[in-house]
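Structure first, then comments.
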Amino acid sequence: MEQKSGSSNLLSIFLILLFVFFAVGFYTFYNAKGTSYLSNASESCNNCHVMNEVYNDYLAAPHSKKIDGKPRASCVECHLPHDFVDKWIAKAESGIGHAYAFTFKLDTLPTNLDATEKSKKMVQTNCIRCHSDYAAVAINATSKPHGESSLSCVSCHSSVGHKRGF
Amino acid sequence: MGKKGVLYFGIIILVILIGGVLWLNNDVSQKQQEGAGGIANTSKKIVELSDDNPTFDEWGKNFPDHLDMYLTVEKQEPIPTEFGGNLAYSKLIRYPQLTILWAGYPFSLDANEERGHFWIQVDQMDTARNNKDFLNAHGFAAFAGQPTACMNCHSGWTPWLLKNVAKNDWVAFNSTKYWTMIKNVPAMNGMKEGSVEHSGPHGGKRMGVTCADCHVPNTMELRLTRPGLINALVKFRGYEPDDTIGVKASREEMRTLVCSQCHVEYYFRPTGGKTKIMGESIAKDSSKKWWNGTQKTYDEFDTWRDGNSPTEIEVDGIELVFPWGEWKKGQPFRIEMFDDYYDKARSVFDKDWAHKITGAPMIKIQHPESELFSGGVHAANGVSCADCHMPYIRKGSKKLTQHNVTSPLQNINAACKTCHTQSEEYLKSQIRDIQNSVAYDLRSAEYSIVSLITDIKNLREALGGLEQYQTDGKADAAKINAELKDVLELHRKSQMRADFVGAENSTGFHNPREASRMLLQAVDMARMGQAKLVEIASANGIKDFKTSNLGFEDIQKFNPGEIHYKVDLNGHKAGDRYYEHDNVNGNPPAKFLEDDKNLNPYNYTYVDKK
């Protein structure tokens, strides 16, 4: 009997702690505006002030212009793949990377950020995805990626998304 | 492990996890607050700031992060860059040509690399150029010691002293002896009058540039506090004065103008009248003599001591003036504007000094960053001084303006990459290429001017041996000067150009095209001077006259070494090192000398390999 009641006491503590864990977990998730990251809204990218300049640039650039209440392109429309599975894998990957860097590496982050190779590829693919009709007649942009030093769309059209940060 | 064991284990894990999540939540909240503006700690007491206490220690109470940045240079190991940095090695050792170019002027005795805004007043107190007794004992007795005009830029106390000691009399302030004015710096922040701290750099007499020099106390708005710049902008450049910020200008302009308070060419213009200033009673104490036996007129020390007290005296007035009369608003600066300005000013100010070897009336250019920058590609694109030298940086999750004002090379990412998207390595190599190119031009100009000086010296001696250039059987300098007039003008103007680029703190980077253009002129003028010497020699029947062409190796023979006492003076023995700070006035890093050796003549296999 004694052992059983000791065990059930422990179980109650365990359950209470489990409840507390979920409670603080959800609160932290809420406090960190966690749900916003599940959306496609550009505002959520600007939760981090690190993005302030880039976000302001974006607001001043043509892609943020709203048509029928929606911007021509949001951050994720240029910066993430559009295929469902690829998109969520990429989103999870960069989400964890950003959260880690923002929590532990903030002091060593450079003032001005550079796009990674992976990110540059995603952006290039997205440029073509929307503008292929025009790109196809303007230059041979799609068929031949020409090596490391080749031009990308943003090499010339550097301020359509935002001026800084690539 | 039984059921109980599993539960214990689970509880421990949960406690750890909860602790972790709570820490994370706290971290998230803290960073959100910081990002919102940095005023996270609301329990902090805000200090009321005013011009009655301009010390950075006081202002830093409200802005601890900014104070930390500003004070970096105090403790940090000095960082030399190829053509600058804050390691205060002797420029005369690295560039011995300067001892010839500045012959007869105290700069030829002592010129070190700068150490930054924090040290600026310490360095002025220490320099041999501001040590009258040392100058007396080392061949420069003709120099009267620095006036307060020199202190305009070096002390954060300048506005306070101008208002409270000189009673807003700008000419009186400038005309007072430096060592007299410095005695009046008040003891603040709980310091004792005359204590070690009161003589120190933290709010005391050796305090350099400070927050109040550029910011309005209650709003932190940018402002101009130095009359030298305000006068120049209003009189010469069409700005309207403004009671709060100095002149009416946009914030963008102010981000450059606050630097232009000091980073400019200037001169001390005689007013032509007498002015009443503070003197020292030591002038009447016949027992107090300088090393060379002349009467002391002031005590070369930073406090009133041994019964020495302030008196009132009358002296010739001087005023700190920027020679910007020909440089109008909205125009890029051109070196010819200084030629024209100083030519017009000749009746009241004909020279900074007479060159000891050639006799030419010389102008010493100071640090004309504002002038050179004004015509460059960065200025044309609306970039301000602060954009590169005080770039936005991140501290934790706060965004701040870098207040450790330094070379942009120290943080290319923050300084350059805000606009330039190329890699840091690429940007650095572009800067290095520009600076190497201008440094080559500068060395070419300096070497050709030293060659000209050498030739003038030789011809002066030859002419002095001719009867028509003698008075009472001795060479007559005035007669020789008259014969060499055109050549001496070429010496003055070519050296003014080389001096401009040499004194300007960017090795041409602030405007490479203009720097190269004026250095080409300098070489042209120096060589033209040599050609004229040949003509004069020939016209006077001097047959064996030859021109010289000095290079790096010849110039190295002029290396003066570190400064040492030549005589017993003020408690120091002959042979003692002059500077107490070990890293001031020493040898430049050996690598730089190797670089210089390979730069002119241009050894592309070395220079382009780096």
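The values are calculated or read from the model by the stated rules, or taken from the named source; none is laboratory data. Given the structure is predicted, the values throughout are model-derived calculations rather than measurements. Note that we place each Cβ from the backbone using ideal geometry, even for glycine, and neighbour counts take in every protein chain shown. What goes into the accessible areas is simple: the full protein's heavy atoms, side chains included, and nothing from ligands, DNA or RNA. Shrake-Rupley method; radii C 1.70, N 1.55, O 1.52, S 1.80 Å.
In table form, for the structure just shown:
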quantity	calculated
Condition broken by B:Glu504, with the remaining ones in (1) among the charged types (D, E, K, R); (2) over 26 Å from B:Ala462 (Cβ atoms); (3) open to solvent by 30 Å² or more (accessible area, probe 1.4 Å) satisfied	(3)
Odd one out for B:Ala482 among (1) in contact (Cβ under 8 Å) with a residue 60 or more places away in the chain; (2) open to solvent by 40 Å² or more (accessible area, probe 1.4 Å)	(1)
Single residue of B:Ala187, B:Ala128, B:Ala144 found to be among the aliphatic types (A, V, I, L, M) and open to solvent by less than 20 Å² (accessible area, probe 1.4 Å)	B:Ala128
Subset of the range B:593-610 (residues that are outside any loop (DSSP other than H, G, I, E, B) and either open to solvent by 20 Å² or more (accessible area, probe 1.4 Å) or farther than 30 Å from B:Asp123 by Cβ (or both))	B:Leu593, B:Glu594, B:Lys597, B:Asn598, B:Tyr604, B:Thr605, B:Tyr606, B:Val607
Check on B:Glu34, of a type in the set (D, E, K, R), part of a helix (DSSP H, G or I) and outside the structural domain of B:Lys597 (by the TED database)	yes
Top-ranked residue in the range A:35-52 [being assigned to a helix (DSSP H, G or I) and within 10 Å of chain B (Cβ to nearest Cβ); ranked as surrounded by the fewest Cβ atoms within 10 Å (Cβ to Cβ)]	A:Asn52
Helices (runs of 4 or more DSSP H) (entirely within the range B:65-120) containing at least 3 residues that are open to solvent by 40 Å² or more (accessible area, probe 1.4 Å)	B:72-75
Filter result for A:Pro110 (within 8 Å of chain B (Cβ to nearest Cβ), surrounded by 12 or more Cβ atoms within 10 Å (Cβ to Cβ) and outside any helix (DSSP H, G or I))	yes
Exclusive hit being basic (Lys, Arg) and buried (at least 22 other Cβ atoms within 10 Å of the Cβ), set B:Arg432, B:Arg497	B:Arg497
From A:His63, A:His79, residue being away from chain B (no Cβ under 12 Å), in contact with a Pro (Cβ under 8 Å, 6 or more places away or on another chain) and closer than 30 Å to B:Lys399 by Cβ	A:His63
Selection count, the range A:73-107, where residues are open to solvent by 40 Å² or more (accessible area, probe 1.4 Å) and not in a helix (DSSP H, G or I)	3
When residues of the range B:534-571 are limited to those that are in a loop (DSSP other than H, G, I, E, B) and β-branched (Val, Ile, Thr), the one most open to solvent (accessible area, probe 1.4 Å)	B:Thr547
Test: residue in the range A:16-34 that is more than 13 Å from every other protein chain (Cβ to nearest Cβ) and over 24 Å from A:Val154 (Cβ atoms)	no
Qualifying residue in the range B:521-530 (condition: modelled with pLDDT of 95 or more and either touching a strand residue (DSSP E or B) at 6+ places or on another chain (Cβ under 8 Å) or surrounded by fewer than 15 Cβ atoms within 10 Å (Cβ to Cβ) (or both))	no
Residue list for the range B:385-429, restricted to those being open to solvent by 50 Å² or more (accessible area, probe 1.4 Å), among the aliphatic types (A, V, I, L, M) and either farther than 21 Å from B:Phe373 by Cα or out of contact with any helix residue (DSSP H, G or I) (no Cβ under 6 Å at 6 or more places or on another chain) (or both)	B:Leu409
B:Asp316 being in contact (Cβ under 8 Å) with a residue 40 or more places away in the chain, outside any loop (DSSP other than H, G, I, E, B) and surrounded by fewer than 20 Cβ atoms within 10 Å (Cβ to Cβ)	yes
Options A:Lys120, A:Lys144: the member that is modelled with pLDDT of 85 or more, open to solvent by 90 Å² or more (accessible area, probe 1.4 Å) and out of contact with any Lys or Arg (no Cβ under 7 Å at 6 or more places or on another chain)	A:Lys120
Answer from B:Ala212, B:Ala149, B:Ala166, B:Ala137 - the residue that is buried (at least 18 other Cβ atoms within 10 Å of the Cβ), closer than 24 Å to B:Asp582 by Cα and either of a type in the set (A, V, I, L, M) or modelled with pLDDT of 95 or more (or both)	B:Ala137
Failed condition for B:Leu224, given (1) surrounded by 20 or more Cβ atoms within 10 Å (Cβ to Cβ); (2) in a helix (DSSP H, G or I)	(2)
Of all residues in the range B:515-526 being in contact (Cβ under 8 Å) with a residue 60 or more places away in the chain, of a type outside the set (S, T, N, Q) and in contact with a helix residue (DSSP H, G or I) (Cβ under 6 Å, 6 or more places away or on another chain), the one that is nearest to B:His367 (Cα to Cα)	B:Ala515
Pairs, first within 7 Å of chain A (Cβ to nearest Cβ) in the range B:414-428, second part of a helix (DSSP H, G or I) and open to solvent by 60 Å² or more (accessible area, probe 1.4 Å), C-beta under 8 Å, six or more apart	B:Lys417/B:Glu424
B:Lys248 vs. criteria open to solvent by 20 Å² or more (accessible area, probe 1.4 Å), without any contact (Cβ under 8 Å) to a residue 24 or more places away in the chain and among the charged types (D, E, K, R)	yes
Filter pass, B:Asp27 being surrounded by fewer than 20 Cβ atoms within 10 Å (Cβ to Cβ), within 10 Å of chain A (Cβ to nearest Cβ) and among the charged types (D, E, K, R)	yes
